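Trainee: One structure, as structure tokens, below. Some questions next.
The values are calculated or read from the model by the stated rules, or taken from the named source; none is laboratory data. Bear in mind that the values here come from a model prediction, so they are computed numbers and not experimental data. Neighbour counts are summed over all protein chains in view; Cβ atoms, including those assigned to glycine, are modelled from backbone coordinates with ideal geometry.
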Amino acid sequence: MEESQDTVKEARYLYSVAWTGHIAQLGSIGIQENNVYIVPYKDIAAIVHACEAKAYQTEDKKLAEGWVLEHSYVIDQATKMFGTVLPFSFDVIIKGDDDVVKDWLCQNYEHLARELLRMQGTAEYSIQVYCDHAYLEKLVLANNRGLLDLKNSIEKEPKGKAYLHRRNLELKLKNLSYSEAGRLADQFYSGIKPLVKELKSESKTSWTPEKYRDKKLLASCSCLVSEEAVKRLGEVLEEINDKDGFFVRFTGPWAPFSFVRLSEAG
């Protein structure tokens, strides 16, 4: 998105694109308290702050994390003010002044307007479903009479033989628990897919709250959900959370980072 001319010193930091509204200034809420404002074109607008034509780089990890949080805060505030927004990732910079931003909006107008319409009335939510390891093992044993008999017989066997059988039981339980977790995940996804517009499953999470760290992650996904479907989705997740051995983490709403298609916007 950056222009090739190295001589350009002025630039605009891009947070998001939204439908235009009556608000022109968002205030000094940007990264490093920069003044955030809109650059309109027709019925859409870029939400930006003026900056130098260079990336935000630092060796200070805490400072970098702070910049990312400030970036996200602006997008959250823009969502409250304008409704649907197309959020950009951290450190997207357009070299040039407001007129250059307007040119960029003009060149990409059809795609950006189409994406805003596609995202209209939706938000992104994050869902993780966990299961207690002991409960998962209990489910496996309940559906496998042979393993249950083996578990019960171990206590009556001599020490050496019991050890070998216990190791055998542990390995079988591990394999069957993995399969059971997959079955439960499929069951979970089939229950929520009719309630969401789009779903992206994830094999793991970037961060797990302390209270879930001793649990088995069954399913993790990001979902694009319409406003009218959120309540029903919450009810379905609450039903799962109320079951013995299951724990649901449901967070949002967020701007639809995982679902906007901005690669076509050059």
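Trainee: With respect to A123, determine if the residue is in contact (Cβ under 8 Å) with a residue 60 or more places away in the chain, under 30 Å from K200 (Cα atoms) and of a type in the set (G, A, S). Write out each step before concluding.
Mentor: Numbers: in contact (Cβ under 8 Å) with a residue 60 or more places away in the chain: yes; under 30 Å from K200 (Cα atoms): yes; of a type in the set (G, A, S): yes.
For A123, the condition - in contact (Cβ under 8 Å) with a residue 60 or more places away in the chain, under 30 Å from K200 (Cα atoms) and of a type in the set (G, A, S) - is met.
Trainee: Report, by residue number, each residue of the range 77-89 that is at negative phi and surrounded by fewer than 16 Cβ atoms within 10 Å (Cβ to Cβ). Quick ask: steps written out before the conclusion?
Mentor: Applying the first criterion (at negative phi) to the range 77-89 yields 77-82, 84-89.
Selection gives K80, M81, S89.
Trainee: List the residue pairs whose Cβ atoms are under 6 Å apart, where the first residue sits in the range 212-225 and is of a type in the set (V, I, T), the second is part of a strand (DSSP E or B) and modelled with pLDDT of 90 or more, and the two are 6 or more positions apart or on different chains.
Mentor: V225/Y125
Trainee: Still on this model: Filter the range 44-76 for residues that are of a type in the set (S, T, N, Q), touching a strand residue (DSSP E or B) at 6+ places or on another chain (Cβ under 9 Å) and at pLDDT below 95 and give the result. Give the steps one after another, and end with the answer.
Mentor: Quick first cut of the range 44-76, residues of a type in the set (S, T, N, Q) only: 57-58, 72.
Of the ones still in play, those that are also touching a strand residue (DSSP E or B) at 6+ places or on another chain (Cβ under 9 Å) are 72.
Within the range 44-76, none qualify.
Trainee: With the condition kept exactly as written, say whether any residue in the range 84-101 is small (G, A, S), closer than 24 Å to P256 by Cβ, in contact (Cβ under 8 Å) with a residue 24 or more places away in the chain and in contact with a strand residue (DSSP E or B) (Cβ under 6 Å, 6 or more places away or on another chain).
Mentor: First, the residues of the range 84-101 that are small (G, A, S): 89, 96.
If we keep only those that are closer than 24 Å to P256 by Cβ too, we end up with 89.
Still in the running and in contact (Cβ under 8 Å) with a residue 24 or more places away in the chain: 89.
Now narrow it down to the ones that are in contact with a strand residue (DSSP E or B) (Cβ under 6 Å, 6 or more places away or on another chain): none.
No.
Trainee: May I pose another question? Is it true that V196 is of a type in the set (V, I, T), in contact with an Asp or Glu (Cβ under 8 Å, 6 or more places away or on another chain) and crowded, with 19+ Cβ neighbours inside 10 Å?
Mentor: Working: of a type in the set (V, I, T): yes; in contact with an Asp or Glu (Cβ under 8 Å, 6 or more places away or on another chain): no; crowded, with 19+ Cβ neighbours inside 10 Å: yes.
Here the answer is no, as V196 does not meet what is asked.
Trainee: Say whether the condition of being among the small types (G, A, S), assigned by TED's automatic domain parsing to the domain that holds Y130 and within 23 Å of V260 (Cβ to Cβ) is met by at least one residue in the range 177-200. Walk me through it before giving the result.
Mentor: Going residue by residue through the range 177-200, those that are among the small types (G, A, S) are 177, 179, 181-182, 185, 190-191.
This time we only want the ones that are assigned by TED's automatic domain parsing to the domain that holds Y130, so: 177, 179, 181-182, 185, 190-191.
After this cut, where a residue has to be within 23 Å of V260 (Cβ to Cβ) as well, the list is none.
Looking for residues that are among the small types (G, A, S), assigned by TED's automatic domain parsing to the domain that holds Y130 and within 23 Å of V260 (Cβ to Cβ), one finds none in the range 177-200, hence no.
Trainee: Of all the residues that make up the range 240-249, how many are assigned to a strand (DSSP E or B) and either out of contact with any Ser or Thr (no Cβ under 8 Å at 6 or more places or on another chain) or in the same structural domain as T79 (by TED's automatic domain parsing) (or both)?
Mentor: Residues of the range 240-249 that are assigned to a strand (DSSP E or B), as a first pass: 246-249.
Checking which are either out of contact with any Ser or Thr (no Cβ under 8 Å at 6 or more places or on another chain) or in the same structural domain as T79 (by TED's automatic domain parsing) (or both) leaves us with 246-248.
Total meeting the criteria: 3.
Trainee: I need the full set of residues from the range 32-82 which are touching a residue at least 60 places away in the same chain (Cβ under 8 Å), part of a helix (DSSP H, G or I) and acidic (D, E), in order please.
Mentor: Selection gives D76 alone.
Trainee: Then there is this: Consider the range 198-239. How many of its residues are aliphatic (A, V, I, L, M) and in a helix (DSSP H, G or I)?
Mentor: Residues of the range 198-239 that are aliphatic (A, V, I, L, M), as a first pass: 199, 217-219, 224-225, 229-230, 233, 236-237.
Okay, now just the ones that are also in a helix (DSSP H, G or I), so 229-230, 233, 236-237.
Number of matching residues: 5.
Trainee: Please enumerate the residues belonging to the range 99-149 that are in contact with a Phe, Trp or Tyr (Cβ under 7 Å, 6 or more places away or on another chain), over 30 Å from D186 (Cβ atoms) and either of a type in the set (A, V, I, L, M, F, W, C) or modelled with pLDDT under 85 (or both).
Mentor: Correct list: L105, C106, L116.
Trainee: Take the residues in the range 165-193 that are under 22 Å from the mean Cα position of the chain (by Cα) and of a type in the set (S, T, Y), then tell me which one is surrounded by the fewest Cβ atoms within 10 Å (Cβ to Cβ).
Mentor: Out of the qualifying residues, it is S190.
Trainee: Exactly one of these conditions fails for G252: (1) outside any helix (DSSP H, G or I); (2) surrounded by 14 or more Cβ atoms within 10 Å (Cβ to Cβ); (3) without any contact (Cβ under 8 Å) to a residue 60 or more places away in the chain; (4) not basic (K, R). Give me its number.
Mentor: So G252 meets the others, but not (3).
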